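Reviewing the structure listed below.
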Amino acid sequence: MIVVVGTGPAGLAAAIEAARRDAVTIIDQAPRFGGQYWRHAKGGTSFDPRAQDYFARVLNDPRITRMSNTRVWNAEKRGSRFVIYTLTDGVEDRIEATQVILATGAYDRTIPFDGWTLPSVVTAGGAQAMLKANKVSIGKKIVVVGMGPFLLPVTFNFIKAGAQVRTFDNTPLWRWIFNLHGLLLHPSKIKEARFYRANVKIEMGRIDSYREGAVTIDGEEIECDALAVGWGFTPDVTLASILGAKLVADHDGSAIVKVNRRQETSIPNLFAAGEITGVGGADLAITEGKIAGRNQSSIALSWNRLRGKIFARGLQRVYKVPSNWTEKIDPSTHICRCEKVSAAEIQDAVLELGAVDARTAKLFSR
């Protein structure tokens, strides 16, 4: 038995390939396949035509058991086998597997700013998910702000939904010189960029603060009824960490799962594919999923993975996560919105109480 966790591009590709070798159970906490990237409304189709093919292949393969609305809340390795603990509609269960493939994806990276905890502020990924899955726009007059190519499809979809949108990117266009080699290896990306640039207007700007009804960008106050903020993505390595897989720092500082050329982690028979091994988009995720599912690579797959990694690394050079965001933060701004810990309290934990790492600062500021 092989268990695949996640039904995005990487998970679906892995399940299809793995089913050639053994019975497969594919698990996802969402009600429908697709993950964040191929998310779609009930009875609808994904914007990516490849998705429908992958959905059909998984649904029609008798060797693949599908578990939707299922959360993996714990996992462990006992000897040569894995035990996966699940929760489906309030009912607990456990699955044993000889191999596990993690394709748990990524979530929106957030950077605090004054007003970021107000109800009308949504992450770009969250806004996109509501629009795709439920056809609900977060507002009629929207400002999109942050950095990265993901702002382009988000803005385009808002426009298609009838919203009035202004979009601000923190990164100047000239920085793409750092990824010209990546574009040359992916001509389709050039075509995609030209499409969005022809249909979406991007302005330069950095968010200062937000209050109900208006956002301030580089000192200019702009009226809006909703704000979508996106600073790229952070790999979701939670389950990999629970199982003890080795993590390393990606070039942008994010924690990612270390894998070998077969996508195997430091734990024998535990594989990882997609964004948890480094955020790189659907094409790279599919390639890694195929390698993990087959438990082997090929010249073609290895080349596609290398091309994808080169492009992803280039994007990290183009879009640098701002390191000076704390300079614009008011001391009263909540950094931890769950426990309402302010920037001033964290500063006191470091300067007054001597916290030397994030864990200690967290304990001191509770």
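The values are calculated or read from the model by the stated rules, or taken from the named source; none is laboratory data. These numbers were taken from a predicted model, which means no experiment stands behind them. Heads up, the Cβs are rebuilt from the backbone with ideal geometry, glycines too, and the neighbour counts pull from every protein chain shown. Each accessible area value is taken on the protein alone, full model and side chains, heavy atoms only, with ligands, DNA and RNA left out. Shrake-Rupley method; radii C 1.70, N 1.55, O 1.52, S 1.80 Å.
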**OP:** Per residue of segment 152-164, in order, report the coupling 6.51 cos²θ - 1.76 cosθ + 1.60 (Karplus, θ = phi - 60°) as ³J(HN,Hα) in whole Hz, putting x for Gly and Pro.
**Re:** 5, x, 4, 4, 4, 5, 4, 4, 4, 7, x, 7, 8
Original post:
Any idea which of Trp174, Ala361, Gln347 is furthest toward the positive side of the dipole for the chain, if Lys and Arg beta-carbons carry +1 and Asp and Glu beta-carbons -1?
Top reply: Trp174
Subject >> Extension gain from Arg175 to Ala193, taking 0.36 nm per residue of separation minus the Cα-Cα distance >> reply: 5.0 nm
Original post:
Taking H as built 1.01 Å from N, whose amide H comes closer than 5 Å to the amide H of Ala106, not counting residues under 5 places away?
Top reply: Asp236
Original post:
How large, in percent, is the carbon and sulfur part of the accessible surface of the chain at a probe radius of 1.4 Å?
Top reply: 54 percent
**OP:** Mind jotting down the distance between the C-alpha centroids of segment 189-242 and segment 274-325, whole Å?
**Re:** 22 Å
**OP:** Search the structure for amide H atoms under 5 Å from the amide H of Asp208, placed 1.01 Å from N in the peptide plane, and list their residues when 5 or more places away or on another chain.
**Re:** Thr216, Ile217, Asp218, Gly219
Subject >> Extension gain from Lys160 to Glu96, taking 0.36 nm per residue of separation minus the Cα-Cα distance >> reply: 18.5 nm
Original post:
Long-range amide H contacts for Thr70: which residues qualify at under 5 Å (H placed 1.01 Å from N, peptide plane, sequence gap of 5 or more or a different chain)?
Top reply: Asp28, Gln29, Ala30
**OP:** Return the FRET efficiency for the residue pair Thr326, Arg359: r is the Cβ-Cβ distance, R0 is 22 Å, and the value is rounded to the nearest 0.05.
**Re:** 0.70
Original post:
Too long at a 30 Å Cα-Cα cut-off: which of Lys135/Lys340; Lys160/Lys189; Lys246/Lys290; Lys258/Lys320?
Top reply: Lys135/Lys340
Original post:
Which whole-number value in Å² is the accessible area per residue of the chain, probe 1.4 Å?
Top reply: 49 Å²
Original post:
Using helices alone, what [θ] at 222 nm do you get for the chain, with -39,500 (n - 2.57) per DSSP H run of 4 or more residues, divided over all residues and rounded to the nearest 500?
Top reply: -9500 deg cm²/dmol
